[in-house]
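Notes follow once the structure below has been shown.
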Amino acid sequence: MSEDCIFCKIRDRAIPAKRVFEDDLCFAFEDIDPKAPTHILVCPKEHLASLAEADASHEGMLGRLCLVAAKLAEKNGEESYRTVVNTGAGSGQSVFHVHMHLLAGRTLNWPPG
């Protein structure tokens, strides 16, 4: 755990969040500043600052994030959705704990940004 990581604090329940899922590898909660009607963050329980730091040992955990996002979209009745993993400050990553955004509930334009 990174002592100053807000997502680690949410994981440990030191900071409240509206959780929508949790298992042994990851947890998910509603974004406090949603960019779509459905905006959920799916995070690994293991602290990993960014996707750039991932290696082969993280493969299962990263795959789990994708599957959980898909199941949460289905649970919310979303047939069309976007998943996003920002990597680095230039991409918009503001919390340095890997997380996947699940966005749905409105038309999402391309390109993003």
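The values are calculated or read from the model by the stated rules, or taken from the named source; none is laboratory data. Please read all numbers here as calculations on a predicted model, not as lab measurements. Cβ placement follows ideal geometry from the backbone for every residue including glycine, while neighbour counts extend to all protein chains displayed.
Just one residue in the set Ala69, Ala28 is in contact with a helix residue (DSSP H, G or I) (Cβ under 7 Å, 6 or more places away or on another chain) and of a type outside the set (Val, Ile, Thr); that residue is Ala28.
Evaluation of Glu30 against the conditions (1) modelled with pLDDT under 95; (2) charged (D, E, K, R); (3) in contact with a His (Cβ under 8 Å, 6 or more places away or on another chain) shows that the sole unmet condition is (1).
Filtered by the rule that a residue be among the hydrophobic types (A, V, I, L, M, F, W, C) and without any contact (Cβ under 8 Å) to a residue 40 or more places away in the chain, the range 75-113 gives Val84, Val85, Ala89, Trp110. When the range 54-69 is filtered for residues that are assigned to a helix (DSSP H, G or I) and not hydrophobic (A, V, I, L, M, F, W, C), the ones remaining, listed by number, are Ser57, His58, Glu59, Gly60, Gly63, Arg64. Restricting attention to the range 26-53, the residues that are of a type in the set (A, V, I, L, M), buried (at least 17 other Cβ atoms within 10 Å of the Cβ) and assigned to a loop (DSSP other than H, G, I, E, B) total 2. On the stretch given as the range 70-113, residues that are assigned to a helix (DSSP H, G or I) and either of a type in the set (Gly, Ala, Ser) or within 12 Å of the chain's Cα centre (by Cα) (or both) total 6.
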